[in-house]
Amino acid sequence: MDKFLIRGGKPLKGKVVISGAKNSALPCLAATLLTDETVTLHNVPYVKDLITQRRLLEDLDATVLTPELHTQKIKAANIEIYEAPYELVKTMRASVLALGPLLARFGQAKVSLPGGCAIGTRPIDLHLKAFERLGATVSLEAGDVVARAPKGRLIGADTFFEKVSVTGTENVMMAASLAKGKTTIHNAAREPEIEDLAELLNKMGARITGAGTTKIEIQGVEDLGAAEHTIIPDRIETGTFIVAAAITGGKLEIENCQPKHLQAVIEKLRETGVEIEERGADKIFVKCGGRGLRSKDVTTEPHPLFPTDMQAQYMALMTQAEGAATVVETIFENRFMHASELVRMGADIQISGNTAIVRGITKLMGAPILASDLRASASLVLAALAAEGETLIDRVYHIDRGYETIVKKLSAIGADIERITENLK
Ligand code: EPZ
């Protein structure tokens with residue numbers, strides 16, 4: 001397994017360009033299953049999860065061309081397999097996003113029930129309940145979710161999510177696009193990635209209104225067609241690099257980002273003393289405030305509030321802030337695994353249930369540590385960049401899932417980081 005060797009203590013300086021949003025590209029790739037015509041997607045990030053999603057489409061006999069690294073042309077014309085196999089789903093839960101499109105277009109879908117992951121059990125019961133509201137029958141057969149539309153086509157209906165679910169909202173939005181009649185999604189997720197997916201679907205001929213609000217209306221159509229779309233920038237990568245500048249006492253120019261997609265993160269970081277200047281619609285200039293950082297409490301909530309995907313990175317930053325910060329994680333039941341690794345580096349963090357108290361400023365010392373999931377890995381990289389001495393982070397395949405060329409991007413702004421690839425004997 002690959003490792004990162006990081007020698008910390010260097011302020012990051014320079015310019016970084018943000019890649020396309022992983023969590024928008026994943027549903028957008030799935031949406032190409034809704035038509036037999038060619039859909040072209042630009043600004044697709046070159047990360048492991050998108051390589052996996054591409055393999056899933058190819059396993060379903062879609063044609064996927066990559067005319068250049070960040071562009072994918074998908075034509076799902078001759079689909080005769082309606083199944084996402086376990087070996088793919090177990091590596092990436094987002095494969096469940098194939099359910100809605102396959103069910104809507106072919107009246108049937110079989111997707112291995114995704115297991116949990118490090119951060120939680122991550123059920124998909126709300127997705128399935130919504131599909132049943134659209135007239136599907138759903139059963140569990142030998143670990144696979146099997147969904148069928150009895151009359152061959154889903155019927156539009158009112159659906160309600162008792163918990164806000166990002167991919168649940170996306171799955172239902174895609175399924176309802178081809179249903180007969182109108183569907184309303186109540187208590188829909190409001191993430192920017194939902195709006196991006198709705199924009200692609202409407203370009204394909206769908207009739208969706210309200211994306212980005214808690215109530216989305218979809219007027220089903222007979223079929224969807226070709227489209228070309230550019231994926232929005234990754235707001236979590238943007239937030240991660242803002243923290244990278246702050247935690248190392250550096251200053252960064254962050255390009256090709258959308259500050260409006262992470263206002264809660266920007267406001268919270270400003271409260272702690274990070275100086276963030278929005279330059280136009282797609283640039284941010286960041287530097288650590290002269291008076292150092294102050295501890296500020298944070299609670300993770302669905303968009304537009306502070307995102308759970310920035311919680312681990314924020315916790316790392318609070319180890320370098322004066323005072324005690326209370327970090328409350330309300331979305332996932334087990335998303336503090338980075339805390340114990342930060343403590344190994346010298347952080348002072350007490351966990352009680354879904355609440356962590358981070359006391360700073362603590363001097364972080366390099367140490368051998370272990371990555372457990374995507375955003376925890378980012379948190380450990382940030383801590384290592386601020387720490388004195390060498391940090392060796394193992395299992396960095398987690399970070400490769402969602403951060404494009406992270407070593408190259410960090411090295412280009414002054415980080416002393418190298419990837420150690422272990423040759424399997
Ligand atoms: C999406 O996951 C993101 N992944 C996650 O990003 C992100 O952390 C999460 O939304 C929350 O913002 C993608 O978009 C591919 P949810 P998702 O359904 O859709 C519970 C990353 O780091 N729930 O919004 O799987 C669930 O257990 C990843 O890029 C049910 O109980 O999350 C959780 O507690 C990690 N039943 C809460 O709702 C369901 O049917 C929110 O989950 C669905 C969800």
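Worth a mention:
- Each of Cys257, Cys117 was scored by other Cβ atoms within 10 Å of its Cβ. Listed from fewest to most, they are Cys117, Cys257.
- Listed residue pairs exceeding 29 Å between alpha carbons, taken from Lys48/Lys110; Lys73/Lys129; Lys90/Lys182; Lys203/Lys268: Lys73/Lys129; Lys90/Lys182; Lys203/Lys268
- Charge tally in the Cβ shell below 13 Å around Leu262, where Lys, Arg are +1 and Asp, Glu are -1, Leu262 excluded: -4
- Nearest-0.05 FRET efficiency for Glu277 and Ile361, computed from C-beta distance (R0 22 Å): 0.35
- Note on the chain: with a GNM built from Cα contacts shorter than 10 Å, the maximum mean-square fluctuation among Arg344, Arg235, Arg401 falls on Arg344.
- Model label sites at Ser139 and Thr121, defined 7 Å from Cα along the beta-carbon direction, differ in position by 2.4 nm.
- Exposure proxy ranking, count of Cβ atoms within 10 Å, fewest first, for Cys288, Cys28: Cys288, Cys28
- FRET E, pair Ala324, Glu222, Förster distance 56 Å, beta-carbon r, rounded to 0.05: 0.45
- Chain lengthening between Asp348 and Arg294 when straightened (0.36 nm per residue, less Cα-Cα): 17.9 nm
- Sorted by Cβ density within 10 Å, fewest first, the residues Val96, Val343, Val138: Val343, Val138, Val96
- Enclosed volume per residue, in Å³, of the convex hull spanned by Cα atoms of segment 84-242: 119 Å³
- Length released on extending from Tyr46 to Thr63, taking residue separation times 0.36 nm less the Cα-Cα span: 4.3 nm
- Separation in nanometres of the label points that stand 7 Å from Cα toward Cβ, at Phe160 and Lys129: 1.0 nm
- Taking each residue as 0.36 nm, the span from Lys408 to Thr91 lengthens on full extension beyond its C-alpha to C-alpha distance by 111.6 nm.
- Normalising by residue count, segment 304-405 has a Cα convex hull of 97 Å³ per residue.
- If you model segment 1-100 as an ellipsoid using its alpha carbon gyration tensor, with each semi-axis the square root of five times an eigenvalue, the axes come out at 30, 17, 10 Å, biggest first.
- Label sites at Asn256 and Phe285, each approximated as a point 7 angstrom past Cα along Cα to Cβ, lie 2.2 nm apart.
- Cα convex hull, the chain: 132 Å³ per residue, rounded to a whole number.
- Fluctuation leader among Ala30, Ala211, Ala356 - the chain, Gaussian network, Cα springs under 10 angstrom: Ala356
- For segment 109-178 and segment 17-48, distance of Cα centres in Å: 21 Å
- Here the sum of -39500 (n - 2.57) over DSSP H runs of 4 or more residues, divided by the residues of the chain, equals -8500 deg cm²/dmol at 222 nm, to the nearest 500.
Any read-out appearing in this document is the output of simple, stated calculations on the displayed coordinates, not a laboratory observation. Treat the numbers as computed from the prediction; the structure is a model and nothing was measured. Counting neighbours? That spans all protein chains shown, and the Cβs are built from the backbone with ideal geometry, glycine included.
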